[in-house]
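The values are calculated or read from the model by the stated rules, or taken from the named source; none is laboratory data. Small disclaimer: the values here were computed from a predicted structure and weren't measured. Glycine gets a Cβ as well: all are built from the backbone with ideal geometry, and neighbour counts include every protein chain shown.
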Amino acid sequence: MNRGAIAEITLSALRNNLQIIKRIVGNRHIIAVVKADAYGHGSVGISKRLLEEGVSCLAVAYTGEARILRDSGIKADIIILFDCTCIEDYFDYKLTPVIYDINTALEFSREAEKRRMKITVHLKIDTGMGRIGFNPGNAVSDAVRISEMEGIELKGLMSHFSEADLPDGKFSVRQLELFKMIKKDVQEKLGYSLMSHMANSGAVLSFDDSLLDAVRPGIMLYGYSPCMDDSGLKPLMRIKTRILSIKNLPAGSTVSYGRTFVTKRASRIAVIPVGYADGYSRRFSNNAEVIVRGKRVPVAGRICMDLTMIDVTGVEGVSQGDEVVLLGGQGVEVITARELASRIDTIPYDILTSLGGMAKKEYIH
Ligand SMILES: *Cc1c(COP(=O)(O)O)cnc(C)c1O
């Protein structure tokens, strides 16, 4: 069902951002992270364009996300970052699992044997994220054990940085050193080399030594840096809607639930069909701006579930049906995901997935 917000996605910006990544990583593999519906940009549209631009491997969180890509005709390698609940899916849809415990490895191996084949897997080492992965202490023996399982072909070794976005990279350096040690030991025991990857966008942008054999950028593709400086990257997403209704209110009127907005003068209040159910956080109540007729105007009162009021007093000629931009540009004004994020103490990732997630996508090629 279409709701009130439309996410306009400019694919030429994706190309621009991918070229920036390619310039940094040279001929290393790029594993493009398209989890969470490509950070709210629509995983099918984004993935197809990435493949056209020469990316050969995608990564998502769940096998269900990969099924959507396969059903749309995508045949490229897909790595599943952590979902090991539906083992059959990996075989039926030719997906590559990331394994982080022995029992799961055994289950994969048994299923592969049953199907008289081997499944290619990557192993994840926890070098300090404290999330998922083999503990460094037994990672080498675990990796060797898994590589010996009948149905398994061990191909990759990976880890994840916990603060690659920070300018002081001391902890990242330690994580990388630990990872490299483990990788060296595993490779020596195996007698062949593994494809290793660790770098997220933060590391791609600021930690050259961590690029290894492949990189896993996510947020960069969508035009934002996890650090504060987005230089060169171009956002793809613009969130727009149209004015549903306009009301003229005398001074001293109150607007929306809780009556937190009081008109100081005779005012024109416009209603837009976007609310917190569209991912426009309720914390933007009296705390964000939108763009109408090229001018910034404030959100008036509390954000409702499906609706938001904006104060368009003094903007010449505003009428029902006018385009309103919540994220992105109109005329000379631009609202970035970084601006919205800082208003509610979160990060651009959260803004993009929230606002893009529910919106109908329109791709501009
Ligand atoms: C999400 C994710 C990435 C991408 O991170 P960005 O900060 O968006 O570049 C890379 N690797 C793993 C394991 C992830 O979960």
- Residue within region 316-328 that is among the small types (Gly, Ala, Ser) and closer than 17 Å to Arg283 by Cβ present: no
- Message: Suppose we filter region 237-256 for residues that are in a strand (DSSP E or B) and more than 16 Å from the ligand (Cβ to nearest atom); how many remain?
- Response: 12
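Can you name every residue in region 1-29 that is farther than 16 Å from Pro235 by Cα, basic (Lys, Arg) and either assigned to a helix (DSSP H, G or I) or in contact with a Cys (Cβ under 9 Å, 6 or more places away or on another chain) (or both)?
The answer is Lys22, Arg23.
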- Which residue pairs have Cβ atoms closer than 6 Å, lie 6 or more positions apart in sequence or on different chains, and pair a first residue in region 317-339 that is in contact (Cβ under 8 Å) with a residue 12 or more places away in the chain with a second residue that is among the aliphatic types (A, V, I, L, M) and assigned to a helix (DSSP H, G or I)? Leu327/Leu355; Ala337/Ile351; Ala337/Leu352
- Note on the structure: Within region 331-362, of all residues that are within 16 Å of the ligand (Cβ to nearest atom) and of a type in the set (Gly, Ala, Ser), the one farthest from the chain's Cα centre (by Cα) is Ala341
- Message: Residue under question is Asp37, and the condition is that it be of a type in the set (Asp, Glu) and outside any loop (DSSP other than H, G, I, E, B); does it hold?
- Response: yes
- Please work out which one of (1) part of a helix (DSSP H, G or I); (2) within 13 Å of the ligand (Cβ to nearest atom) is the condition Ala32 fails and give its number. (1)
- Message: Being in a helix (DSSP H, G or I) and within 15 Å of the ligand (Cβ to nearest atom) is the filter here; which residues of region 48-62 pass it?
- Response: Leu50
- Message: Being over 30 Å from Ser12 (Cα atoms), in contact (Cβ under 8 Å) with a residue 40 or more places away in the chain and either within 16 Å of the ligand (Cβ to nearest atom) or surrounded by fewer than 21 Cβ atoms within 10 Å (Cβ to Cβ) (or both) is the requirement here; does Lys234 meet it?
- Response: no
- Output the number of residues of region 209-221 satisfying the condition of being within 16 Å of the ligand (Cβ to nearest atom) and either among the β-branched types (Val, Ile, Thr) or more than 21 Å from Thr120 (Cβ to Cβ) (or both). 8
- Query: For residues in region 291-314 being touching a Gly at 6+ places or on another chain (Cβ under 9 Å) and of a type in the set (A, V, I, L, M), which is nearest to Lys247 (Cα to Cα)?
  - Reply: Met309
- Flag for Ala251 being surrounded by 23 or more Cβ atoms within 10 Å (Cβ to Cβ), farther than 20 Å from Lys361 by Cβ and not acidic (Asp, Glu): no
- Within region 16-27, identify whether any single residue is within 12 Å of the ligand (Cβ to nearest atom), under 15 Å from the mean Cα position of the chain (by Cα) and buried (at least 17 other Cβ atoms within 10 Å of the Cβ), and answer yes or no. yes
- Message: On the basis of being modelled with pLDDT of 95 or more, farther than 22 Å from Asp83 by Cβ, under 23 Å from the mean Cα position of the chain (by Cα) and not small (Gly, Ala, Ser), does Val186 make the cut?
- Response: no
- Is it fair to say Tyr224 is part of a loop (DSSP other than H, G, I, E, B), at pLDDT 95 or above and touching an Asp or Glu at 6+ places or on another chain (Cβ under 8 Å)? yes
- Message: For the list (1) of a type outside the set (Gly, Ala, Ser); (2) within 16 Å of the ligand (Cβ to nearest atom); (3) surrounded by 15 or more Cβ atoms within 10 Å (Cβ to Cβ); (4) without any contact (Cβ under 8 Å) to a residue 40 or more places away in the chain, I need the number of the one condition that Gln187 fails.
- Response: (2)
- Item | Selection count where residues are in a helix (DSSP H, G or I) and over 19 Å from Val25 (Cβ atoms), scope region 185-202 | 6
